[in-house]
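> Sharing a structure, written as structure tokens. Questions coming.
Values in this text are rule-based calculations from the coordinates and carry no lab data. Everything numeric here is computed off the predicted structure, so don't read it as measured data. Counting neighbours? That spans all protein chains shown, and the Cβs are built from the backbone with ideal geometry, glycine included.
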Amino acid sequence: MTFSERLKNEREKRGWTQADLADKLHVSRQSVSKWETGKNYPSIEVIIALSDLFGITIDEMLRSDDDLKEKVIKDSKKLAHPKLKSFFDSLFLLGVLLILIKIIILGSNLFFYTNITILDGLPKVISNFLPLVLMIIGGTGSEQLKKKFAD
């Protein structure tokens, strides 16, 4: 039995109309109709609410429909993706910002005869390569996430 069949069966067993179920879930009647015809699937939050409402396990609702299982898996990946991507994008941008600051300082020293030093006590290797390392880690991490969580 597919999810749409199971949903309709459980709703009718209780003598509820689509509008009744929609009211209980705080969604539109059209949403319930689309779920019952298999044109669309509910979010995981709604699936949990349906499970509670019908007194059946989420497993019983999900296992019956391969497309729904795939949607739930894809949705869960999308939830994790933005946070990790933001982290790697931030690393990349920090590297770019550090390079820009270094270029501005070097340009200022060259053209305006200022004497600004770049982190005097820090080894040259770190001040020279840290921005590049941050950009590589950030860019690589972001690209890997894009491949892993691609639709």
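> With an 8 Å cut-off on Cα pairs and a minimum separation of 6 or more residues, tell me the relative contact order of the stretch 3-64 in percent.
Once normalised by length, the contact order is 32 percent.
> With r as the distance between the Cβ atoms of Ser86 and Ser51 and R0 = 35 Å, compute the FRET efficiency 1/(1 + (r/R0)^6) and round to 0.05.
0.65
> Could you let me know the centre-to-centre spacing of the stretch 23-37 and the stretch 71-102, using Cα atoms, in angstrom?
Rounded to whole Å, the Cα centres lie 35 Å apart.
> Expected output is a single nm value to one decimal: the length gained when fully extending between Lys34 and Lys147, i.e. 0.36 nm times separation in residues minus the C-alpha distance. What is it?
37.6 nm
> Taking 8 Å as the Cα distance limit and 6 or more residues as the minimum spacing, I'd like the relative contact order of the stretch 1-110 as a percentage.
Dividing the mean separation by the residue count of the stretch 1-110 yields 22 percent.
> Determine the relative contact order of the stretch 80-148: mean sequence separation of Cα pairs under 8 Å and six or more apart, normalised by residue count, in whole percent.
57
> Spelling out what I want: for every residue of the stretch 121-137, take phi, set θ = phi - 60°, compute 6.51 cos²θ - 1.76 cosθ + 1.60 (Karplus), and round to whole Hz; glycine and proline get x.
Per residue, the Karplus-derived 3J(HN,Hα) values read x, 7, x, 4, 4, 5, 5, 7, 9, 4, x, 5, 4, 4, 5, 5, 4 Hz.
> Enumerate the calculated ³J(HN,Hα) couplings along the stretch 62-77 in order (Karplus 6.51 cos²θ - 1.76 cosθ + 1.60, θ = phi - 60°), each rounded to whole Hz, writing x wherever the residue is Gly or Pro.
7, 5, 7, 9, 4, 5, 5, 4, 4, 5, 5, 4, 4, 4, 5, 5
> If I compute volume of the Cα convex hull per residue in Å³ from the structure I just sent, which labelled value in [x] 172; [y] 113; [z] 97 lines up?
[x]
> Taking θ = phi - 60°, what integer Hz values does the Karplus form 6.51 cos²θ - 1.76 cosθ + 1.60 yield along the stretch 8-19, in sequence order, with x for Gly and Pro?
My calculation for the stretch 8-19 gives 5, 4, 5, 5, 5, 4, 8, x, 8, 7, 4, 5 Hz in order.
> Additional query: Could you work out which residue, out of Ile137, Ile104, Ile44, moves most in a Gaussian network model of the chain, that is, has the largest mean-square fluctuation with Cα springs under 10 Å?
Comparing Ile137, Ile104, Ile44 in a Gaussian network model of the chain, the most mobile one is Ile104.
> Counting only pairs 8 or more residues apart or on different chains, how many lysine pairs in the stretch 1-113 have their Cα atoms under 20 Å apart?
20
> Additional query: Count neighbours as other Cβ atoms within 10 Å of each site's Cβ, and list the chymotrypsin sites (Phe, Trp or Tyr not before Pro) in the stretch 105-151 that are DSSP loop with at most 11 such neighbours.
Here the chymotrypsin sites (Phe, Trp or Tyr not before Pro) that fit, given the DSSP loop and packing criteria, are Phe112, Tyr113.
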